[in-house]
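Worksheet for the structure shown next.
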């Protein structure tokens, strides 16, 4: 008996160990699965939480990168535009100088041809200035009379905002300049430079005596622009006579070269752009004010209409009350006639009878 009991206990112990081993293995499998699933869920949750934090930051970084790129591209475009404008100005000056050199011999001694050529150069600068011929730009060969009745015809009149004007007259002096350039000795050079300065001062004096700034139809400053179409001729004169500008100013004349005139005209074109923007802003403000006033009037009309509707509604209720309410009202009295035998083809609404 003891042997059998011992054997049974041994077998039961072995079975218990086997069951325990199975439970342990199964628990490990279950725990592993749970841990894996929790780990995946935790990873997904963390990824989602991190994404919620990083995605807005990523968008802001992308937006910042885009703004930096846009600013960089705009800067490149502005630099390109500036280089293009400077290149145009450089090419214009070179072309004018080349044309002056080529035409010097052909024009030498023919003042009429020199004057016509100077006007052509002036017109080319006007075309590149950003101004248009007309009210917000310039007029060529403008005709007017001075205060003493003298007829004048300046080469160009530049229009400014507020009905103001700047007068430009072109003067060409190439003979003495050409001789100075081709001088073979210091004595010849000094003589021809002196003749060149005398020629320019003669032009300044002659332009001053025309009194363009007193034109009746023009509101001009107390000076006129004297345009010298050859840059080198202008530079030589102001280098050799540093008082030339002062002399011209005393005669109410301002000397300009192709470079300085183009810069001046570009500035005037910019002033017109700002003026138009200001006018547009003022017109928007005016129309906005008018719209606001109309809206206020509309609100007042709607309030008046609402009051009238309320009064009409009250009058309607009073009339209906007299018609269908109270003892001996009109509806009941009229219905009584039908009840007494009056011949009718229609009947009063039951809503009024109730």
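Please treat every number below as a calculation from the coordinates, not as lab data. Small disclaimer: the values here were computed from a predicted structure and weren't measured. Please note: Cβ atoms are built from the backbone with ideal geometry, for glycine as well, and neighbour counts cover all protein chains shown.
For the reader, a short list of remarks on this structure follows.
- Within segment 111-354, antiparallel bridges make up roughly 55 percent of the DSSP beta bridges whose residues both belong there.
- Across segment 111-354, the relative contact order, built from alpha-carbon pairs under 8 Å that are at least six residues apart, equals 16 percent.
- In segment 128-171, Cα pairs under 8 Å separated by at least six residues give a relative contact order of 30 percent.
- Order of 171, 210 under a 10 Å beta carbon neighbour criterion, fewest first: 210, 171
- Whole-Å distance, taken between Cα centres, linking segment 210-243 and segment 119-144: 16 Å
- Ranking of 256, 230 by neighbouring Cβ atoms within 10 Å, starting from the fewest: 256, 230.
- Cβ-based exposure ranking for 346, 194, 294, in which fewest neighbours within 10 Å come first: 346, 294, 194
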